[in-house]
Amino acid sequence: MIAPVETKTYTAEEYLELEINSQERHEFINGEIVLMAGGTPDHNEITTNLVVALKLALKGKPYRTFSSDQRLWMPQLNNYTYPDVMVVAKPIELQSGRTDTITNPLLIAEVVSKGTRAYDRDEKFAAYRTIPSFQEYLLIDQYRLQVEQYSKTDANKWIFSEYSCMGDRLSLTSVAVEIALADLYENIEFGQ
């Protein structure tokens, strides 16, 4: 009989201390430290395209846009993660005592892979919904032309929209921005 492998449970303080000195990024979920997988070139291209589109559209407006190096804290769950893209209203709110961890995103976008699709759509989305400021969630597929948009309309009410044509335009609800899917998927060649 094989003995089960025991997983160490960490405190948030232990996680943050380890993360400061780490060469890699990790999420912190329910006391477990989880190594984040590296992204593909297409994942990085889509993320960059979205960040550039948002930065240009929001220039001079009271928002900040962050990419996957910015840590997010979900206080109700005491979880930490690094979303692919976040838009945050100014002034940004940081976790008390920290200068590197945001708590008030309006919009979060994840570029999904085959391995993260279900997690991003289910558990991660449920965790993000515990953040009071959170209003919009995008799941962007890197293998086919597909964007899923979840827009908060009221407490516990979300509207789902789906985009799957190169001529589609994604109209964000949390910030007044419209992005052409052709721009979001620029330089992406499907089926390779």
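The values are calculated or read from the model by the stated rules, or taken from the named source; none is laboratory data. Bear in mind that the values here come from a model prediction, so they are computed numbers and not experimental data. Neighbour counts are summed over all protein chains in view; Cβ atoms, including those assigned to glycine, are modelled from backbone coordinates with ideal geometry. Areas reflect the complete protein model, heavy atoms only, side chains present, ligands, DNA and RNA absent. Shrake-Rupley method; radii C 1.70, N 1.55, O 1.52, S 1.80 Å.
Out of all the residues in region 144-159, is one or more out of contact with any strand residue (DSSP E or B) (no Cβ under 6 Å at 6 or more places or on another chain) and among the basic types (Lys, Arg)?
yes
Spot the failing condition for Tyr80; the list is (1) closer than 18 Å to Ile33 by Cβ; (2) modelled with pLDDT of 95 or more; (3) open to solvent by 40 Å² or more (accessible area, probe 1.4 Å), and only one is missed.
Result: Tyr80 fails condition (3) only.
So that you can scan it fast, the table gives a plain yes or no per residue for (1) more than 19 Å from Phe134 (Cα to Cα); (2) of a type outside the set (A, V, I, L, M, F, W, C):
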| position | (1), (2) |
| --- | --- |
| Ser151 | no, yes |
| Ile159 | no, no |
| Met166 | yes, no |
| Asp183 | yes, yes |
| Glu189 | yes, yes |
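Is it fair to say Asn49 is over 13 Å from the mean Cα position of the chain (by Cα), open to solvent by less than 30 Å² (accessible area, probe 1.4 Å), in contact (Cβ under 8 Å) with a residue 24 or more places away in the chain and within 22 Å of Gln146 (Cβ to Cβ)?
Against the criterion (over 13 Å from the mean Cα position of the chain (by Cα), open to solvent by less than 30 Å² (accessible area, probe 1.4 Å), in contact (Cβ under 8 Å) with a residue 24 or more places away in the chain and within 22 Å of Gln146 (Cβ to Cβ)), Asn49 qualifies.
Which is aliphatic (A, V, I, L, M), in a strand (DSSP E or B) and in contact with a Phe, Trp or Tyr (Cβ under 9 Å, 6 or more places away or on another chain), of Leu18, Leu72?
After ruling out the rest, the residue left standing is Leu72.
So that you can scan it fast, the table gives a plain yes or no per residue for (1) touching a residue at least 60 places away in the same chain (Cβ under 8 Å); (2) hydroxyl-bearing (Ser, Thr, Tyr):
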{"position": "Lys61", "(1), (2)": "yes, no"}
{"position": "Arg71", "(1), (2)": "no, no"}
{"position": "Leu77", "(1), (2)": "no, no"}
{"position": "Tyr82", "(1), (2)": "no, yes"}
{"position": "Ile92", "(1), (2)": "no, no"}
{"position": "Ile102", "(1), (2)": "no, no"}
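Could you tell me how many of the residues in region 30-43 are open to solvent by less than 80 Å² (accessible area, probe 1.4 Å) and not hydrophobic (A, V, I, L, M, F, W, C)?
Summing the residues that are open to solvent by less than 80 Å² (accessible area, probe 1.4 Å) and not hydrophobic (A, V, I, L, M, F, W, C) in region 30-43 gives 6.
Hey, could you check region 59-77 for residues that are within 24 Å of Gln142 (Cα to Cα) and open to solvent by less than 60 Å² (accessible area, probe 1.4 Å) and say which is modelled with the lowest pLDDT?
So, considering only residues that are within 24 Å of Gln142 (Cα to Cα) and open to solvent by less than 60 Å² (accessible area, probe 1.4 Å), the one modelled with the lowest pLDDT is Ser68.
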